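Undergrad: What follows is a single structure, and I will ask about it in a moment.
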Ligand SMILES: Nc1ncnc2c1ncn2[C@@H]1O[C@H](COP(=O)(O)OP(=O)(O)O)[C@@H](O)[C@H]1O
Ligand SMILES: [Mg+2]
């Protein structure tokens with residue numbers, strides 16, 4: 001393996017320390033992913049420089065020109081604190097002809113908008129829940145094809161922001177309330193989607209043209225009260241206390257016959273291709289009582305901290321953390337943005 005110059009692009013507040021004192025709870029640190037990635041790449045022998053980015057593209061260009069990195073390890077999820085500008089930074093790397101890890105700018109654009117991506121998936125006959133988009137300032141009227149319960153969420157926000165038990169609505173009044181909440185508190189357009197009762201599954205995909213699906217992963221709600229909806233709310237995703245209280249944990253999907261797993265993995269690869277993703281992504285699905293899998297969304301550049309869902313499912317497939325990062329780097333080196341379309 002050759003030693004590479006790798007430019008790690010991280011949010012300016014998430015620059016990881018060079019080393020951590022014994023006993024530090026790295027898993028609880030905000031810069032955990034950045035630390036895991038940088039320290040692992042260095043341990044593998046790569047030459048890594050970290051650039052904290054806020055709203056200055058000039059610094060990226062300067063380093064790209066002067067230091068001539070082989071590749072940028074892109075860990076940015078926003079530019080100037082604006083999440084949907086993540087794709088613009090990737091576009092800029094493409095203009096600089098600097099290879100980068102993770103998804104191309106076009107895939108980021110297509111996957112970001114949960115309605116646009118579902119329209120593309122529907123064309124490819126991939127099952128997605130029926131939905132309607134409600135933009136701020138427009139009347140909130142439920143089309144007849146949508147029946148309760150519905151789940152109301154942001155069109156473009158990620159990480160379960162704005163998702164709680166109250167997101168699942170049973171009446172037109174609650175629908176209007178929740179749509180207004182998304183407009184007012186989250187500040188984006190809202191979408192109401194057919195609620196899919198069932199199991200929550202995640203599948204990691206690695207590749208550009210030829211794709212590898214990682215083992216099907218499941219989010220378990222072991223001690224969740226019977227009346228609560230088993231969905232990945234904000235608290236389910238982010239509150240360790242809440243996770244402990246309700247037995248929320250993830251791991252390999254239990255008791256899913258091999259044939260079902262293979263069907264789901266195949267569906268996820270088709271989703272990855274339909275949205276023109278590259279590098280690595282995680283597809284979120286729900287599996288209903290009848291055994292039908294519904295794609296909720298595709299997440300290009302998902303969380304890749306050591307031990308988190310993506311890395312854990314890769315490890316299960318025999319791909320340890322170092323091997324996973326090296327694979328992601330290799331995919332980035334091989335990707336040719338100008339050959340898309
Ligand atoms: N149509 C749906 N039916 C059932 N649960 C849903 C539906 N849409 C979203 N959810 C729940 O909300 C969570 C977050 O929704 P998702 O669309 O994946 O957005 P995010 O980008 O915030 O992860 C999902 O993981 C799932 O638990
Ligand atoms: Mg999701």
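The values are calculated or read from the model by the stated rules, or taken from the named source; none is laboratory data. Nothing here was measured: the structure is a model prediction, and the numbers come from that model. Neighbour counts are summed over all protein chains in view; Cβ atoms, including those assigned to glycine, are modelled from backbone coordinates with ideal geometry.
Undergrad: Go through (1) within 16 Å of ligand 1 (Cβ to nearest atom); (2) outside any helix (DSSP H, G or I); (3) more than 19 Å from the chain's Cα centre (by Cα) one by one and return the number of the condition residue 249 breaks.
TA: It fails just one condition, (3).
Undergrad: Oh, and also: Looking only at residues that are part of a strand (DSSP E or B) and modelled with pLDDT under 95 in the stretch 64-97, which one is surrounded by the most Cβ atoms within 10 Å (Cβ to Cβ)?
TA: 79
Undergrad: Next up: List the strands (runs of 3 or more DSSP E) inside the stretch 149-241, counting only whole elements, that have at least 3 residues being away from ligand 2 (no atom under 14 Å from the Cβ) and in contact (Cβ under 8 Å) with a residue 40 or more places away in the chain.
TA: Correct list: 190-194, 199-207, 211-213.
Undergrad: Of all residues in the stretch 257-290, how many are buried (at least 19 other Cβ atoms within 10 Å of the Cβ) and in a loop (DSSP other than H, G, I, E, B)?
TA: The qualifying residues number 3.
Undergrad: Checking the condition within 22 Å of residue 287 (Cα to Cα) and either part of a loop (DSSP other than H, G, I, E, B) or away from ligand 2 (no atom under 16 Å from the Cβ) (or both), which residue from 106, 61, 145 passes?
TA: 145
Undergrad: Could you tell me whether residue 297 is within 18 Å of the chain's Cα centre (by Cα) and either within 16 Å of ligand 1 (Cβ to nearest atom) or surrounded by 20 or more Cβ atoms within 10 Å (Cβ to Cβ) (or both)?
TA: Considered against the rule, which asks whether it is within 18 Å of the chain's Cα centre (by Cα) and either within 16 Å of ligand 1 (Cβ to nearest atom) or surrounded by 20 or more Cβ atoms within 10 Å (Cβ to Cβ) (or both), residue 297 comes out as yes.
Undergrad: Now for a different question. With 162, 184, 137 as the choices, which residue is touching a helix residue (DSSP H, G or I) at 6+ places or on another chain (Cβ under 9 Å) and either closer than 24 Å to residue 266 by Cα or exposed (fewer than 14 other Cβ atoms within 10 Å of the Cβ) (or both)?
TA: 137
Undergrad: How many residues does the stretch 299-331 hold that are more than 27 Å from residue 110 (Cβ to Cβ) and assigned to a loop (DSSP other than H, G, I, E, B)?
TA: The number of residues fulfilling the criteria is 4.
Undergrad: Name the residues in the stretch 268-297 that are more than 16 Å from ligand 2 (Cβ to nearest atom) and farther than 26 Å from residue 337 by Cβ, would you?
TA: 288, 289, 290, 291, 292 - these are the residues of the stretch 268-297 that are more than 16 Å from ligand 2 (Cβ to nearest atom) and farther than 26 Å from residue 337 by Cβ.
Undergrad: For residue 74, are the conditions met, namely being within 28 Å of residue 267 (Cα to Cα) and in contact with a strand residue (DSSP E or B) (Cβ under 6 Å, 6 or more places away or on another chain)?
TA: Against the criterion (within 28 Å of residue 267 (Cα to Cα) and in contact with a strand residue (DSSP E or B) (Cβ under 6 Å, 6 or more places away or on another chain)), residue 74 qualifies.
Undergrad: Just to be sure, is residue 140 touching a residue at least 40 places away in the same chain (Cβ under 8 Å) and within 11 Å of ligand 1 (Cβ to nearest atom)?
TA: Taking the combined requirement at face value, the residue does not satisfy it.
Undergrad: Give me the residue from the stretch 118-136 that is touching a residue at least 24 places away in the same chain (Cβ under 8 Å) and part of a loop (DSSP other than H, G, I, E, B) and, out of that set, farthest from residue 263 (Cα to Cα).
TA: Residue satisfying both the conditions and the ranking: 136.
Undergrad: A follow-up question, please. Can you go through 47, 36 and tell me which one is out of contact with any helix residue (DSSP H, G or I) (no Cβ under 8 Å at 6 or more places or on another chain) and either at pLDDT 95 or above or surrounded by fewer than 18 Cβ atoms within 10 Å (Cβ to Cβ) (or both)?
TA: 47
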